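Please read the structure below before turning to the comments.
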Amino acid sequence: MKIKTILFGIALSLSLYVNAYAFEKIFVVERESSSLAVIEDDLPRSHMENMHNMNHGVVKFYGKDGYLISRDGYIVKFDPIKEKKLAEYKTSKSAIGFVINKYYVAVANYDNKSVDILDRNLKPIKAFVTNSRNVGIKIYKNYLVFSEMDNDKIMVLRDKNKGKKIPDFEVYKEFDNVGTMPFDAMIKGSNFITGFFESPFFGVLNLDTMKYRRIKILLGNRKPVLKVPHFGFWSISKKYVFLPAVGDNKVLVYDPKFNFVKNIKTEGLPVFTSLSPDQKYLAVTFSGKKFPVIQIIDTATLKVIKRFEFDGKVLHVRWSNEKPKLYVSVNDTNKVAVINTKKWYLSREIFTIKKPSGIFIYEEANK
């Protein structure tokens with residue numbers, strides 16, 4: 001009887017182990033085909049077609065729902081399990097970013113120069129016309145925050161319904177002259193952190209105190225970088241903030257209070273800095289001649305420890321949350337490469353992915 005119990009326990013444990021590692025479903029933007037490739041168990045399974053212009057497609061998940069925005073201004077809701085489109089709405093001629101909440105979806109537009117609020121089924125609620133391209137849209141508590149690229153402004157909207165039902169947003173605060181051409185942003189605690197195309201600093205807006213400050217971007221010799229183009233996304237660990245200094249071969253490192261720590265010299269001009277789920281490693285991608293290269297930085301030593309070079313431009317990377325894997329979209333050769341991040345070797349190449357760029361992971365175990 002004990003033997004049967006032990007065997008059952010082992011079988012149950014193995015089943016739970018397999019299930020725990022079997023639910024990541026990967027959606028890859030096929031930027032020239034108006035489609036999403038679907039990868040399961042590191043094999044190409046299907047393609048979701050007719051998803052509009054995916055040249056700058058972005059995918060996000062909220063609970064059981066998937067959403068994407070297309071370059072030509074569509075927001076699309078889809079079922080990530082059945083891989084079925086559920087609804088779509090065209091907010092503009094060109095959309096750049098979006099966020100999802102329990103009750104709403106908010107889309108930042110380039111052309112139409114507005115921020116559109118829709119319910120979760122993509123029925124329009126309200127639009128805020130800014131007369132600017134809008135970028136870096138984020139949610140914090142009952143606030144919706146974004147930057148106006150052409151107006152050098154940060155806008156804070158407040159939900160009068162306090163997040164308890166369909167929102168009713170109003171303009172709460174406007175911060176003028178924050179920097180020249182804000183482009184991207186991220187949230188760290190209560191801090192809305194934004195970068196600029198043409199200013200030698202990044203901006204930090206504390207959304208609890210509504211105080212704004214500028215943080216100079218410094219090189220190793222303490223001279224400011226005069227231009228910070230699109231930084232893709234920054235990475236924030238418990239100990240450090242990592243910024244790709246596009247325009248110089250360095251990753252900039254700050255502490256959580258934005259005190260300068262050091263610069264990490266890199267092989268090329270960094271575009272993306274992507275932090276691993278355990279925060280032990282940072283994957284860095286590049287532009288220009290080093291487009292096919294990825295470097296891995298150890299976040300404890302702040303040193304480059306590994307290098308990978310592919311047979312085409314690397315447009316995106318994504319760490320698995322459950323497995324020791326890093327997925328890499330290699331655009332020119334129509335594949336997604338898989339790096340084993342335990343022993344650091346190329347473990348697999350997934351072909352028949354058409355001109356891949358953004359990689360997004362849906363965790364079915366959370367459904």
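How compact is the chain by the rule of thumb for globular proteins, expressed as Cα Rg over 2.2 N^0.38 Å?
My calculation over the Cα atoms of the chain gives 1.02.
Considering the Cα trace of segment 267-367, what is its radius of gyration and what is Dmax, both in angstroms?
Over segment 267-367's Cα set, Rg and Dmax evaluate to 13.1, 42 Å.
Could you tell me the relative contact order of the chain? Use alpha-carbon pairs under 8 Å, at least six residues apart, and round to a whole percent.
11 percent
Take the alpha carbon atoms of segment 132-180, find their center, do the same for segment 26-62, and report the distance between the two centers in whole angstrom.
Cα centroid to Cα centroid, the span is 29 Å.
What does the highest-first list of 320-329, 120-129 look like by mean Cβ count within 10 Å?
320-329, 120-129
Return the single residue from 137, 154, 264 with maximal mean-square fluctuation; model: Gaussian network over the chain, springs between Cα atoms under 10 Å.
Evaluated over the chain, the most mobile residue of the options is 264.
Between residue 50 and residue 363, what is the FRET efficiency for a Förster distance of 22 Å, r being their Cβ-Cβ separation, to the nearest 0.05? Mind dumping the intermediate values first?
Working: r = 25 Å, r/R0 = 1.15.
The formula returns an efficiency of 0.30 here.
If you take the alpha carbon radius of gyration of segment 44-148 and divide it by 2.2 N^0.38 Å, what ratio comes out, to two decimals?
The reported ratio for this selection is 1.02.
Multiplying the sequence separation of residue 321 and residue 187 by 0.36 nm and subtracting their Cα-Cα distance, what value in nm do you get?
46.2 nm
Which ³J(HN,Hα) values, rounded to whole Hz and listed in residue order, are derived for segment 177-194 from phi using the Karplus coefficients 6.51, -1.76 and 1.60 in 6.51 cos²θ - 1.76 cosθ + 1.60 with θ = phi - 60°, glycine and proline given as x?
Each residue's phi maps through the Karplus curve to give 6, 6, x, 8, 6, x, 10, 10, 7, 8, 10, 10, x, 8, 8, 8, 10, 10 Hz.
What residues qualify as long-range amide H neighbours of residue 161, i.e. H under 5 Å apart, gap of 5 or more or another chain, H built at 1.01 Å from N?
168
Given N residues in segment 77-228, what is its alpha carbon radius of gyration divided by 2.2 N^0.38 Å?
On the way: Rg = 16.5 Å, N = 152, 2.2 N^0.38 = 14.8 Å.
For segment 77-228, the normalised Cα radius of gyration comes out at 1.11.
With θ taken as phi - 60° and the coefficients 6.51, -1.76 and 1.60, list the Karplus ³J(HN,Hα) couplings across segment 340-345 in order, rounded to whole Hz; mark glycine and proline as x.
The phi angles translate into 6, 9, 8, 10, 6, 8 Hz.
Can you list residues whose amide H is under 5 Å from residue 322's amide H, if they're 5+ apart or on another chain and H is modeled 1.01 Å from N?
The list, which skips near neighbours in sequence, is empty: none.
For residue 190, enumerate residues with amide H under 5 Å from its amide H, sequence gap 5+ or separate chain, H modeled in the peptide plane.
Amide H neighbours of residue 190: none.
Starting from the Cα-Cα distance between residue 255 and residue 354, subtract it from 0.36 nm times their residue separation and give me the gain in nm to one decimal.
Gain on stretching residue 255 to residue 354: 31.7 nm.
Since every read-out is calculated from the coordinates, none of them should be taken as a lab result. All figures in this text were calculated on a predicted structure; none of them were measured in a lab. Note that we place each Cβ from the backbone using ideal geometry, even for glycine, and neighbour counts take in every protein chain shown.
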